[in-house]
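The values are calculated or read from the model by the stated rules, or taken from the named source; none is laboratory data. Worth saying up front: this structure is predicted, and the values here are computed from it rather than measured. Positions of Cβ are generated from backbone atoms using ideal geometry, with glycine treated the same way; all protein chains shown enter the neighbour counts. Just so you know, the surface numbers come from the protein's heavy atoms only, side chains and all, with ligands and any DNA or RNA stripped out. Shrake-Rupley method; radii C 1.70, N 1.55, O 1.52, S 1.80 Å.
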Amino acid sequence: TIFRTRGTRVSLLLLMIGLTLQSVATEPNVLPSGKASGPRIVTAARIVPGQLSRIFSSSGNYPEAAKNAGIDGLAVVDLVISKAGLVNECTVVEAPHESLRKTTCSLARKLNFIPAKDEHGKRVVGKFTLRFRWTLPSKG
């Protein structure tokens, strides 16, 4: 597990289920003009402990189309996390197959998060980047 607090980037490698997770907290809410638009986010949204492995580790979640085509690889999605800790939006950044794109977002929407907080300790909408390495299930 690697944590870096300034820049608020968290990377976690879960070897036993073959997935990689990365959280990227938003910096101050910046408008196109470059000026900050509100309180700075100081605590990133985090997945509730145990959620990721419980939801993503089932081999029954591997899409049949990708499995039949022998396709695996990295899927990256950007999530918008509500003040309540729920996934409001899921945008696929990359995925090796359409069925893996859809399944990654579908599973990500089931995750619960500890919401991001601003400098006043107030819950705010946050962003989270999830990287998941799909590995073909073992035959047999």
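Quick notes on this structure:
- Matching residues, region 80-105, being open to solvent by 60 Å² or more (accessible area, probe 1.4 Å), within 12 Å of the chain's Cα centre (by Cα) and under 30 Å from Gly70 (Cα atoms): Glu89, Thr91, Val93
To keep it simple, each residue is scored yes or no on (1) surrounded by fewer than 18 Cβ atoms within 10 Å (Cβ to Cβ); (2) over 20 Å from Thr129 (Cβ atoms); (3) modelled with pLDDT of 90 or more.
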site	(1), (2), (3)
Thr26	no, no, no
Ala45	no, no, yes
Leu52	no, no, no
Pro63	no, yes, yes
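- Evaluation of Ile114 against the conditions (1) free of Cβ contacts under 8 Å to residues at least 40 places away in the same chain; (2) in contact with a strand residue (DSSP E or B) (Cβ under 7 Å, 6 or more places away or on another chain) shows that the sole unmet condition is (1).
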